[in-house]
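Presented below is the structure to which this report refers.
Just so it is clear, none of the values below were taken in a lab; they were calculated from the coordinates. These numbers were taken from a predicted model, which means no experiment stands behind them. Neighbour counts run over all protein chains shown; Cβ positions are idealised from the backbone, glycine included.
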Amino acid sequence: MKNLWKCCVFLIAALALGCNQASAEKRVALVIGNGSYAHKAELANPPHDAEDVAAALKRTDFEVILATNLGQTDMQDAVIRFSRAAKNADVAIFYYSGHAMQFNGVNYLMPVDAKLDDEADLKRFARVDDIMSDLQQAKNLRILVLDSCRDNPFTESLKRSARGLSLRQGLSKVDAPLGTIVSFSTQAGQTADDGQGRNSPYSAAFVKHIEQPKEIGEVFRDISADVYATSSKTQLPELSLSIVGKFYLNGPVSITVTAPAQAAPGDPCSSAETHWKAAEAIGTVAAYEDHLARFPACTFASLAKARIDGLKQKTARVSPTDGPSNPKTGAGKFDGEWDVNIACPPAGKASLLAKGLTGDPANTTNRAKSGSPYAFTVDAQFDGSSGTGKRNELRPCDLKFAKR
C-alpha cells in the first residue's frame, strides 16, 4: 500500500516540551438550573447548583452559558446558542439540574413553565436526545450531566392520558457514543435526593472534584464514589464512558525537564531516553555534546552526532564571512533545491528526523486519526542528484529523494 504522507525533513529538530495541549482547546458549556416551577413544587437547589458548577467550569477555562429558571422559549434559545458554540469546540459540556422525566423510553427536561395535560405537551419540553446530538459536534470530548432524577411531578397527569403505557420513575438509560461521557445523579429508573444544603449531593460532588488534576474518567468515578458515600450507599450515579485515550481538564501547565535519574549499575543506557528528550528540548550544541558524553554507546548517540554536525554546519552557512547562499548564482554553500528540506554535501550519509501530521487513516499505522502527529528517524545517503533511505521505526519503509 502506498503510504501517503506529507512532511518536512530536517537535520535539526526539537521536541516540543512545555506546551500543554489543553491550552489551545476551545471549551464550551451550557449549565442550566431550573427550580422555580410555576405549576409544581419549587426545587431549592438547582439555581445554586448551576451557579456553583458554572463557576468551577469557568476556572477550568470553559466559556460558560449559565441560565437559571428557564421557561420553554428561553430554554430553547439557550440550547440553540449552545449548539452553535459546540460546532467550533474541542470539549463541550451540558449540565442540567432540575426536574426531568422519561416517557415511552425518551428523556425530557422540564422548563419552569411546564404544564402537562397529556403526552402532546411533551413537545414543549427539551429532549435529551436532541441535546446529545448537539454535543456530538464537539471535536474531542463531550460530557452530558443530568442531576435531575427526582420524582416525576406529572405522573398522575400522564397516567390518565397515557392509554395503558407503563410509566417508570427516574430517567431512561443513555449509552455514551464514542468520545462521550454520560453521568446521571443516580441509576437509570431511580430517583435522587434533593439534599439539605445549598447543593444537591451530586452537584456538590461535581464541584468538589471537577477541578482535580486527574484523568477525566477518574474524575467522574470519584464523583460517583463521593455521592455513594455521602448518601450512606443509597444513591449511586449512573456513569457511562466511551472514550479512547486520556483526557485532562486540569493537567500540568507545562512539562518540566528534570535531571535524569542515576542509571542502574548494570544498565548504563537506562536514563538515555529521558536525557535525550531534555537535550532535544534545549536544542543546542552543548546539550547534544553533553548527551554524547554521558551516553556514548546508547540509542541516541548517532543522532546526537548528527544534531551537532547539523548545528555547526548551519552556523557556518550563515557566517558573515561566507555570505548568504544563492541558488541562482552558486554563491555560498547551497547545493540546490530538493524535495526535502535538507542541506548536505554532494555525496554522503545523513541521519534524518521526519515530523508531521497523518493524512488518511487508511494509510497510517494503527489507523491513527487524521491530523495525528508522528515522528521517525531515517538513515539516508545521497549521490549528488538523488538519495535513498530506510525508516528506522514503525513499519519498514524505503525512501527515495530527488533533486528538483
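Projecting label points 7 angstrom from Cα along Cα→Cβ for Gln76 and Ser242 puts them 2.9 nm apart. Note on region 110-130 and region 171-237: Cα centroid distance 25 Å, given to the nearest whole angstrom.
Could you sort out which of Lys139/Lys349; Lys26/Lys314; Lys58/Lys87; Lys40/Lys214; Lys87/Lys400 sit more than 31 Å apart by Cα distance in this structure?
Values: Lys139/Lys349 43 Å; Lys26/Lys314 38 Å; Lys58/Lys87 19 Å; Lys40/Lys214 40 Å; Lys87/Lys400 41 Å.
Exceeds cut-off: Lys139/Lys349; Lys26/Lys314; Lys40/Lys214; Lys87/Lys400.
Phi-derived couplings, Karplus 6.51 cos²θ - 1.76 cosθ + 1.60 at θ = phi - 60°, listed residue by residue for region 37-54: 6, 6, 10, 9, 4, 6, 10, 6, 7, x, x, 5, 4, 4, 4, 6, 5, 4 Hz, with x used for Gly and Pro.
So, R0 is 22 Å and r is the distance between the beta-carbons of Lys123 and Ser172; what FRET efficiency does that work out to, to 0.05? Each step should come with its number before you reach the end.
Details: r = 18 Å, r/R0 = 0.81.
Efficiency at R0 = 22 Å is approximately 0.80.
Local charge for Asp129 was computed over the other residues whose Cβ lies under 13 Å away, with Lys and Arg +1 and Asp and Glu -1, and equals -1. Fully extending the segment from Lys349 to Asp130, taken as 0.36 nm per residue of separation minus the present Cα-Cα distance, adds 72.9 nm. Electrostatic bookkeeping for Phe295 treats Lys and Arg as +1 and Asp and Glu as -1; over the other residues with beta carbon under 15 Å from its beta carbon, the sum is -1.
Given the Cα-Cα distance of Gln196 and Leu399 and 0.36 nm per residue of separation, how much length would full extension add, in nm?
Values: separation 203, 0.36 × 203 = 73.08 nm, distance 6.85 nm.
Value of the extension gain: 66.2 nm.
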